[in-house]
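Below is one structure; the comments refer to it alone.
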Number of protein chains: 2
Amino acid sequence: MSLSERVMVIGAGPAGLEAARGVADLDRQVLLVESKGQLGGTPYEHYATLTPHLRETGDVMRAMLDGINSHPLVDVRLETRVVASEGEAGHFRVTLENADGQRTEEEVGAVIVATGFSHFDPGRETQMYGYYEYDDVVTLVDAEHMMQNGRMVRPSTGEPPERVAFIQCVGSRDRQIGNTYCSKVCCGIASKQSIEIKRMLPNAKIFIFYIDMRMYGFWEDQIYWKAQEEHKVNYVRGIVTEIIKKGDKLLIKGEDTTMGRPMEVTMDLVILSVGMEPSRGTLQMGQIFGLPREPHGFLATVGEPLDTVSTPVAGVFVAGAAAGPKDIEDSVSMGGMAAAKAVGLLNRLARALV
Amino acid sequence: MSLSERVMVIGAGPAGLEAARGVADLDRQVLLVESKGQLGGTPYEHYATLTPHLRETGDVMRAMLDGINSHPLVDVRLETRVVASEGEAGHFRVTLENADGQRTEEEVGAVIVATGFSHFDPGRETQMYGYYEYDDVVTLVDAEHMMQNGRMVRPSTGEPPERVAFIQCVGSRDRQIGNTYCSKVCCGIASKQSIEIKRMLPNAKIFIFYIDMRMYGFWEDQIYWKAQEEHKVNYVRGIVTEIIKKGDKLLIKGEDTTMGRPMEVTMDLVILSVGMEPSRGTLQMGQIFGLPREPHGFLATVGEPLDTVSTPVAGVFVAGAAAGPKDIEDSVSMGGMAAAKAVGLLNRLARALV
């Protein structure tokens, strides 16, 4: 059977887009499969702006999206899912299904899985934050949608909030709900949002309740110091144990661990910093390609820390948050590395045939 | 002038090694230039074991090192420095100088700068931790060297310590000394070392004094929980303001910010978690290739967060900690991405000539 020199990239978020561009720039054909109706993935769909520079997502991603759409070597299939695969490195026969239920078979030589994460559902397994009970308890994602619409309001009244609280680590660092990992980006995103809310509502008071502020690298001063010094965001080290309704406000109960005392504060809007879990597509691709999952449920890689993209299945690579909590920089770096690895593998297979 | 299809990689740590392997696997010649006498970079030279699995560095890196040494497309130049460069993308003429002072000229089409970081010198600009005064105040790196030798002792006596303190953020998150960024990996390395010390000295008491434990992603349970639950490492949120000698012990003064009270504790050994700064090689390559530095002094990239490796100079890419604080996973991912970008650029230049 002849070697297929084409690489399939599954998922068109930052990791998948960089992987596709990388493979195409290495003069190989790419089959880019995306289940949604547009390119860009979770950041493009759900985030108004991106860390670290708080620029609008569309502006940041436009060149990347245009580059893929116009690249003669990239065959983009939107609203399409991978439903089956057989074969092996150099010779995968994959079955795709489009939105109309039509199935096609494609041959590809290597596969890059970039199917990303989904946000933790704060109603799942824990009721303590009242996400499905109280209109004014929202998630980071809901807050981004409000920013996309240019209106930051209390959903219950449509009025701008005066006091806003972020609660960190919702669905992360939590043995009880089963997610023992840190989701890596929520500290950065909450801090970014706090700056944006202050820009929209200069008189609002913002509180971020946290265990550790994981503002690693340049985020420390680019976002964290900026939030505190320029925008007077209040960071409170504490544990929130309960949110209840009090009149038309939300009463947050817990402990301020720096002050070492119980805490009861009222808020107009509570934003839950929900963490990352493997997306449905990530779980499905794991099954279809026989990829083992690591103990947290994401797709396992081999050879860490020196290899971030190889899976135990030859010819199948992973990039981005399908392999665990990743920021955008992680995701694009992994996408680029996966492109190099996939094409490198096809080169080796081609030489072996000569 | 004819296009040079060879890629020069400068620096042979994890980022440079992955970049070199990536380029070679893409069937291009690599000129790998390393100023030291061996491959492997800072982790291989200075670290006994690596995060996240605490495996010995030699074991972890052996396959990577062997792969580079045996690759027919990689021309390794040890004890060699880049001392000058002229030309442009596709046509760089670089001058190398070896340990004997002999100079050669080489033509390369693209350059990947992977010259890494150096550890913050804790005697520089701040005397408060007594690094150059007290034998029993050491750095993370000194501790790794002791582990490489299989002997964790108080340097003053040669005896094993009973009480060991780590002080986090030495040379990081500190406006006074001028490093306003977080160095990203020190929390993980200190926690890794604390586990290793407990394995060597089960009766030792270990304390880690920190501002925030930045154990992002899987480090949270892989290292942080493990240190606390299996190895009974004591994490103390606090600020250390002074270390003084008291008899043959070290007295640490500061504030326990969780308990909200002053703190005075004696220790046998103090390990300073020193952060990252641009290495001398990184600064030199910045000058030689005309690469601007970002506000913290590392080499600037363009297009972040969607491009982690492109510099403002066409044909010159950066990978790893030359661009800022990076963990090993970041570094290899960037190395792989830089390989794809460098070869992709040479492909485009070659097509433009046809």
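The numbers here are math on the coordinates, done by the rules we state, and not lab data. Keep in mind the model is a prediction, meaning the values are calculated, not measured. Cβ: placed from backbone, ideal geometry, glycine included. Neighbour counts: every protein chain shown.
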Expressed as a rounded percentage, what relative contact order does chain B have, with Cα pairs under 8 Å and six or more residues apart?
22 percent
Can you tell me how the protein assembly as shown classifies by the Cα gyration tensor, rounded, prolate or oblate, using a/c under 1.5 as the rounded cut?
oblate
One decimal, nm, shortest first: give the distances between the label point of A:Arg351 and those of the same position in the other copies, each label point 7 Å from Cα along Cα→Cβ.
2.4
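I'd like to know how the stretch B:229-304 sits against the 2.2 N^0.38 Å rule of thumb: what's its Cα Rg over that expected value? Working shown, then result.
Working: Rg = 20.0 Å, N = 76, 2.2 N^0.38 = 11.4 Å.
Output field value: 1.75.
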Please list 3J(HN,Hα) in residue order for the stretch B:137-152, calculated via the Karplus relation 6.51 cos²θ - 1.76 cosθ + 1.60 where θ = phi - 60°; whole Hz, with x for glycine and proline.
9, 10, 9, 3, 6, 4, 5, 4, 4, 4, 5, 4, 8, x, 9, 9
Copies compared at A:Asn69 - label distances in nm, ascending, label defined 7 Å from Cα in the Cβ direction:
5.1
Check which residues have an amide H placed less than 5 Å from A:Gly87's amide H, if you skip close sequence neighbours.
A:Arg93
Using alpha carbon centers only, the stretch A:86-163 is separated from the stretch B:250-265 by a whole-angstrom value of 45 Å
When B:Thr157, A:Thr257 are arranged by how many other beta-carbons sit within 10 Å of their Cβ, fewest first, they go B:Thr157, A:Thr257
Fewest-first ranking of B:Ile244, A:Ile223, B:Ile288, B:Ile211, using other Cβ atoms within 10 Å as the exposure measure
B:Ile244, B:Ile211, B:Ile288, A:Ile223
Enumerate the calculated ³J(HN,Hα) couplings along the stretch A:170-183 in order (Karplus 6.51 cos²θ - 1.76 cosθ + 1.60, θ = phi - 60°), each rounded to whole Hz, writing x wherever the residue is Gly or Pro.
7, x, 10, 6, 9, 5, 4, 8, x, 9, 8, 8, 8, 8
Within the stretch A:56-86, what residues put their amide N at less than 14 Å from the label point 7 Å along the Cα-to-Cβ vector of A:Asp100?
A:78-80
Just list whichever of A:Lys253/B:Lys184; A:Lys36/A:Lys184; A:Lys245/A:Lys326; A:Lys192/B:Lys226; A:Lys36/B:Lys326; A:Lys205/A:Lys246 have alpha carbons separated by over 27 Å in the model shown.
A:Lys253/B:Lys184; A:Lys245/A:Lys326; A:Lys192/B:Lys226; A:Lys36/B:Lys326
At most 14 other Cβ within 10 Å, DSSP loop - GluC sites (Glu not before Pro), the stretch A:215-302
A:Glu230
What is the antiparallel percent of DSSP beta bridges lying wholly in chain A, to the nearest 5?
55 percent
Classify chain B as rounded, prolate or oblate from the Cα gyration tensor: take a ≥ b ≥ c as the square roots of its eigenvalues, call it rounded if a/c is under 1.5, otherwise prolate when a/b beats b/c and oblate if not.
prolate
Shape of the stretch B:1-110 from its Cα gyration tensor (a ≥ b ≥ c, root eigenvalues): rounded if a/c is under 1.5, otherwise prolate when a/b > b/c, or oblate?
prolate
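If contacts are Cα pairs under 8 angstrom and at least 6 residues apart, what is the relative contact order of the stretch B:120-275 in percent?
Working: 293 pairs, mean separation 48.4, N = 156.
Relative contact order, the stretch B:120-275: 31 percent.
Contact order normalised by length for the stretch B:226-331, with contacts defined as Cα pairs under 8 Å and 6 or more residues apart; what percent is it?
14 percent
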So which chymotrypsin sites (Phe, Trp or Tyr not before Pro) in the stretch B:61-143 end up in coil per DSSP with only 15 or fewer other C-beta atoms within 10 Å?
B:Tyr132
Between B:Val83 and A:Asp27, what FRET efficiency follows from the Cβ-Cβ distance if R0 is 41 Å, with the result rounded to 0.05?
0.75
Using only Cα atoms and rounding to the nearest 10 degrees, what angle (0 to 90) does helix A:186-200 make with the longest principal axis of chain A?
60 degrees
Given a Förster distance of 56 Å, report the FRET efficiency between B:His231 and B:Val354 from their Cβ-Cβ distance, rounded to the nearest 0.05.
0.35
HN-Hα couplings for the stretch A:107-118 via Karplus (6.51, -1.76, 1.60; θ = phi - 60°), in whole Hz with x for Gly/Pro, come out as 9, 9, x, 8, 10, 10, 8, 9, 8, x, 10, 10
Candidate aspartates and glutamates for bridging to A:Lys232, where Cα separation is under 20 Å - those fewer than 8 sequence places away on the same chain excluded:
A:Glu162, A:Glu196, A:Asp212, A:Glu220, A:Asp221, A:Asp256, A:Asp268, B:Asp174, B:Asp212
Place the label 7 angstrom along Cα→C-beta at A:Gln102 and in each other copy, then list the distances from the first to the rest in nm, shortest first.
6.6
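Between Rg and the Kirkwood Rh of the stretch B:120-275, both from Cα atoms, what is the Rg to Rh ratio?
For the stretch B:120-275, the value is 0.93.
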